[in-house]
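J.: Quick one: structure below, then a few questions.
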Amino acid sequence: AVRRQAALAWNRWEELASLLEQRVDASATKDERVTALGSLADVQRGPLGRAPQALETMKKILAVDPAHPRALQALLDSYGAEENWGALVKVYEGALNGVGGSVSTAPAGTPGLWTIVVDFTGATGTINFRDIDPDCDLYVTPETQARAIRYALSNNIGLGGHNGAIIF
């Protein structure tokens, strides 16, 4: 604690960052680790002027606590400003999974189904749908069709009422 105060008082930000990294490694609990990572990100973003490094540290916070509000907001702001929609969606999916929800758009480690559909620029067919009711005003295509996709919906249903829908 004394070394930390001295580093702050004498503007020795590199030394403080190094001390915080050591504290992260020595953390015994999840809360201690998240607190140390948050302080490290503040030093990286502020006095050291290393915003990309601070974002990587925020990702480490989310690896420990997927629903951490400050880390989520930092990544959402950054990815939104960059219009990096794929990364933005992954942050949301990680937050939903981290709080016990289920984002079942694709197997772990693969891009979500919406990404595949939007990149494909086509509408996939509805398999095993054979009898169309003429009285039902519903458009169903049994075969894949090439068409412009402007929006995609990910409807995620979890246990205990933890549901979410994201429209892209």
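J.: Among the GluC sites (Glu not before Pro) in region 7-96, which ones are in a DSSP loop with at most 12 other Cβ atoms within 10 Å of the Cβ? Mind listing them?
T.: Numbers: sites: E14, E15, E21, E32, E56, E82, E83, E93; in loops: E83.
Of the GluC sites (Glu not before Pro), the ones in loops of region 7-96 whose Cβ has at most 12 other Cβ atoms within 10 Å are E83.
J.: Sorted by accessible area with a 1.4 angstrom probe, largest first, how do W85, W13 fall? Could you put the intermediate results ahead of the total?
T.: On the way: W85 135, W13 65 Å².
Largest accessible area first, the list is W85, W13.
J.: Right, here's the next one. Of the peptides 125-131, 67-73, how do they stack up when ordered by the mean number of other Cβ atoms within 10 Å, highest first? Write down the numbers at each step before the final one.
T.: Numbers: 125-131: 8.3, 67-73: 16.1.
Sorting 125-131, 67-73 by mean packing, highest first, produces 67-73, 125-131.
J.: Give, as a single signed number, the net charge of other residues whose beta carbon lies under 15 Å from the beta carbon of A54, with Lys and Arg counted +1 and Asp and Glu -1. Can you show the working numbers first?
T.: Values: positive: R45, R50, K59, K60, R70; negative: E14, E21, D42, E56, D77, E82.
Here the charged neighbours net out to -1.
The values are calculated or read from the model by the stated rules, or taken from the named source; none is laboratory data. Quantities reported herein were computed from a predicted structural model and do not represent experimental measurements. Please note: Cβ atoms are built from the backbone with ideal geometry, for glycine as well, and neighbour counts cover all protein chains shown. The accessibility values were calculated without ligands, DNA or RNA, using every heavy atom of the protein model including side chains. Shrake-Rupley method; radii C 1.70, N 1.55, O 1.52, S 1.80 Å.
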